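Peer 1: I'd like to ask you about the structure that follows.
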């Protein structure tokens, strides 16, 4: 019996696996690893959200199957959020669906709209599911260099011209994971015009909409007139409300894409546990001070990391948004590549990072650091790194 399954053949080796195995082995030996590797929020879910979960779970009626599309109250709450935050009106019955996190929504929509042989356009570097959701579905993925972002539209036009067959979809993610790049409404306006002229669907991932450090909040692509003709946008409770393990997200926008996702999901799941959905309603409709607090916590960690790592000899541009820093490998170590550099940091400095190669070949000159350690631990990591860097690459 063969185990050489079609979809497994389409997936490359998992770039993070070796670093993750080293990290697990170090911890098994009792070593203290300062872990910036995974974007797994360490901040607690706000108490009023947890209290609503406790209250709701005591009702036995909520223990039954839920609704695949999401309970009506949660779809209405997401529509109300878009109206408040972006001045975008959404029909909660036809233009909103609840997903088991944005990752599940992206992957299932890829299954819904993709046939083997289709081509989709994806920024590179990008969060892995953006490309591999379509790879699993059988599509070909054409990479579009993301950086510098000012050249992205030109690179997008070039990629479209040289794709056979013509691409059917484009994935976007701003603020970006891993690069933390942000864009404005003018950028989205150009993208929507580009897509409408070519019959191209847009899948926009807006998971980091509320983690920003400038004066201007990141926009939604759905703010652009005509965007709902071609675009669907994914959002998530994971980072905004520190609810990563709760697995609640949303897709909103184009009705045909929402209907396609709803149909696939109807075969695959009965929706998230109802008490979790009710608690998510409390998050969206309740006090938002917690969102500001989370944002300021990440801002403080960002500032400490940038300053402390610079003193250690590693200059990292301060990210304008997200809970990540996209860090160029120091010049003396650049020829190692991101995987070897990440392994060196883990072995010699007990600092775990994500190698940039895991986000695409254009990421190999960088590593990603998640702001999931407190300020004391960040300073400790900087001290460890300083000792490593003082010895130089040969000593490492």
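The values are calculated or read from the model by the stated rules, or taken from the named source; none is laboratory data. For clarity, every value in this text was computed on a predicted model and none was experimentally measured. Backbone-built Cβ (ideal geometry, glycine too); neighbour counts: all protein chains shown.
Peer 1: At least 3 residues that are in contact with a strand residue (DSSP E or B) (Cβ under 6 Å, 6 or more places away or on another chain), under 24 Å from residue 21 (Cα atoms) and free of Cβ contacts under 8 Å to residues at least 24 places away in the same chain in each: list the helices (runs of 4 or more DSSP H) lying fully within the range 289-396 that qualify.
Peer 2: Details: elements: 289-312, 338-344, 375-395.
Fully inside the range 289-396 and qualifying: nothing.
Peer 1: Of all residues in the range 173-204, which are outside any helix (DSSP H, G or I), in contact with a helix residue (DSSP H, G or I) (Cβ under 7 Å, 6 or more places away or on another chain) and more than 14 Å from residue 254 (Cα to Cα)?
Peer 2: 173, 178, 181, 183
Peer 1: Is it the case, given these coordinates, that residue 105 is under 30 Å from residue 162 (Cα atoms), out of contact with any helix residue (DSSP H, G or I) (no Cβ under 9 Å at 6 or more places or on another chain) and either outside the structural domain of residue 364 (by TED's automatic domain parsing) or not in a helix (DSSP H, G or I) (or both)?
Peer 2: no
Peer 1: Okay, moving on. Hey, can you tell me all the residues within the range 50-67 that are buried (at least 19 other Cβ atoms within 10 Å of the Cβ) and either more than 20 Å from residue 285 (Cα to Cα) or in the same structural domain as residue 324 (by TED's automatic domain parsing) (or both)?
Peer 2: 66
Peer 1: Name the one entry in 316, 258 that is modelled with pLDDT of 95 or more, buried (at least 16 other Cβ atoms within 10 Å of the Cβ) and not assigned by TED's automatic domain parsing to the domain that holds residue 183. I'd like the intermediate steps shown before the answer.
Peer 2: On the way: 258 fails: not assigned by TED's automatic domain parsing to the domain that holds residue 183.
Just a single option satisfies the conditions, and that option is 316.
Peer 1: Another question, if that's okay. Looking at 214, 226, which one is surrounded by fewer than 24 Cβ atoms within 10 Å (Cβ to Cβ), modelled with pLDDT under 95 and over 19 Å from the mean Cα position of the chain (by Cα)? Even if it seems obvious, please write down each step before you answer.
Peer 2: Values: 226 fails: modelled with pLDDT under 95.
Answer to the selection: 214.
Peer 1: If you don't mind, another one. Based on what the data block shows, is residue 133 within 23 Å of residue 16 (Cα to Cα) and in contact with a helix residue (DSSP H, G or I) (Cβ under 6 Å, 6 or more places away or on another chain)? Spell out the reasoning first.
Peer 2: Working: within 23 Å of residue 16 (Cα to Cα): yes; in contact with a helix residue (DSSP H, G or I) (Cβ under 6 Å, 6 or more places away or on another chain): yes.
The answer is yes for residue 133.
Peer 1: May I ask you to list the residues in the range 143-164 that are in contact with a strand residue (DSSP E or B) (Cβ under 6 Å, 6 or more places away or on another chain) and surrounded by fewer than 17 Cβ atoms within 10 Å (Cβ to Cβ)?
Peer 2: Within the range 143-164, just 163 meets the criteria.
Peer 1: Given the conditions (1) at pLDDT below 95; (2) surrounded by fewer than 18 Cβ atoms within 10 Å (Cβ to Cβ), and given that residue 83 satisfies all but one, which numbered condition is not satisfied?
Peer 2: Of (1) at pLDDT below 95; (2) surrounded by fewer than 18 Cβ atoms within 10 Å (Cβ to Cβ), only one is false for residue 83: (1).
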